[in-house]
Amino acid sequence: MSQIPDFADVSRPPGGPLRAPAALPGSALVDRFGRIATNLRISLTDRCNLRCSYCMPAEGTPWCPAGELLTDDEIIRLITVAVRDLGVRQVRFTGGEPLLRRGLERIVAATTSLRTPDGDTPETALTTNGVLLERRATALREAGLRRVNVSLDTLDRARYTRLTRRDRLPEVLAGLRAAAEAGLTPVKINSVLLRGVNEDEAVSLVRWALERGYQPRFIEQMPLGPADVWDRDEMVSAAEILSLLRSELTLTPVHAAVRGAAPAETWIVSDVRSPAGIVPAVGIVASVSRPFCRGCDRTRLTADGQLRTCLFARAETDLRALLRGGASDREIAGVWRGTMWAKQRGHGIDDGEFRRPDRPMSAIGG
């Protein structure tokens with residue numbers, strides 16, 4: 001089934017009530033607006049070794065009790081159902097900080113041993129703060145991990161310490177180098193610009209990253225941290241980021257058709273030289289000001305086994321209870337399809353009645 005640009009309901013007869021289809025095409029995770037979820041994002045832990053100011057308070061947040069977290073075997077089983085039975089082709093591990101998960105390499109290896117119905121290996125990636133990456137990059141590549149995204153908002157050590165409340169910038173830079181050397185490429189860098197804090201580094205971050213063969217991406221700050229640190233009017237928007245970059249760099253947009261379901265809009269940077277064979281490009285993820293809900297292809301699992309249809313969803317479906325209650329793979333797949341069928345049209349940040357999710361970003365998974 002192709003995506004339906006105008007979000008027409010695929011199962012609503014003229015003047016009739018909305019109803020789910022008797023059988024979803026190819027057992028895929030289709031929603032009632034015609035979108036198909038082929039990208040699974042899994043949070044492996046809600047714990048983190050940083051305390052980024054826009055993500056959590058200085059004292060941290062209450063961690064999920066260990067007994068409520070999915071075990072390695074439970075995670076592997078759900079990934080197997082997703083890839084084998086539900087059309088998932090891409091798996092990304094997130095946190096919290098996923099490198100805090102001891103069984104990460106085993107989970108990655110189990111994931112990359114799977115095959116889609118077409119016989120393909122699921123594309124497997126990781127989003128990390130990079131602090132522990134140096135010591136695990138090679139093992140992760142050997143387990144089959146393909147790519148990493150590393151969060152890095154500043155190149156200034158004192159500023160990094162203020163932002164994250166931890167003095168760990170040298171470890172992050174070492175982790176980036178180790179990831180590149182291990183072949184986890186393209187190494188992408190995720191940066192959030194905060195007004196009056198680090199927006200003056202936009203151009204220098206791009207130059208620094210591209211010269212080393214990394215791909216920089218800027219992500220608009222989202223309302224998923226402490227309630228008092230996000231203000232729509234104070235957010236550095238995608239338009240502002242683009243203006244900052246164009247003040248010193250020559251940018252050529254990549255055609256939208258190339259973007260597909262990817263959240264980032266991409267520009268080629270013609271006046272910065274990257275290493276041979278690497279295209280110098282920068283991405284901007286306008287999650288708030290230019291949301292990409294229409295092309296969303298994601299389904300999400302939290303570290304405690306809750307299925308979410310959107311980063312900003314306020315409802316969850318408890319797959320952990322199904323796993324521990326003896327449900328079959330077929331029953332789990334059926335519940336998963338039903339949950340995704342009910343996915344909302346969009347995240348609704350611009351709606352007057354928008355309410356933040358009850359969970360913070362670290363508990364949902366980025």
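Any read-out appearing in this document is the output of simple, stated calculations on the displayed coordinates, not a laboratory observation. Note that the structure is a prediction, hence the values are computed from the model and not measured. Here the Cβ positions follow ideal geometry from the backbone for every residue, glycine too, while neighbour counts run over all protein chains shown.
Amide H to amide H distances under 5 Å link residue 254 with 266, 267, 268, where only residues 5 or more positions off or on other chains count and H is placed in the peptide plane. Net length available on complete extension from residue 335 to residue 290 is 13.1 nm, with 0.36 nm assigned per residue and the Cα-Cα distance removed.
Among 145, 158, 125, whose Cα lies farthest out toward the positive end of the dipole of segment 115-191, if unit charges sit on the beta carbon of Lys, Arg (+1) and Asp, Glu (-1)? Working it through, the farthest residue towards the positive pole turns out to be 158. Amide H contacts for residue 189 (H built 1.01 Å from N in the peptide plane; partners 5 or more residues away or on another chain; cut-off under 5 Å): 150, 215, 217. Qualifying chymotrypsin sites (Phe, Trp or Tyr not before Pro) in segment 26-127, where qualification requires a DSSP coil assignment and no more than 16 other C-beta atoms within 10 Å, comprise 63. Of the residues 68, 240, the one with the fewest other Cβ atoms within 10 Å heads the list, and the complete ranking is 68, 240. With a Förster radius of 25 Å applied to the C-beta separation of residue 89 and residue 327, the computed FRET efficiency comes to 0.55.
Ranked by how many other Cβ atoms sit within 10 Å of their own Cβ, fewest first, the residues 218, 292, 312 fall in the order 292, 312, 218. Each residue of segment 104-115 was assigned a 3J(HN,Hα) from its phi angle through the Karplus curve 6.51 cos²θ - 1.76 cosθ + 1.60 (θ = phi - 60°); the sequence is 4, 4, 5, 5, 4, 4, 5, 5, 6, 7, 6, 9 Hz, with glycine and proline shown as x. Under 17 Å from a label point 7 Å along Cα→Cβ of residue 239: give me every residue in segment 284-303 with its amide N that close. 284-292, by backbone N distance to the label point. Projected label points at residue 73 and residue 200, each 7 Å from Cα along the beta carbon direction, are separated by 5.6 nanometres. Amide H contacts under 5 Å for residue 289: 238, restricted to partners 5 or more places along the chain or on a different chain, H placed in the peptide plane at 1.01 Å from N. Is segment 28-364 best put as rounded, prolate or oblate by its Cα gyration tensor, with a ≥ b ≥ c the root eigenvalues, rounded for a/c under 1.5, and otherwise prolate when a/b is larger than b/c, oblate when not? Note, shape of segment 28-364 comes out rounded. Extension gain for the segment residue 246 to residue 212, taken as residue separation times 0.36 nm less the Cα-Cα distance, is 10.2 nm to one decimal.
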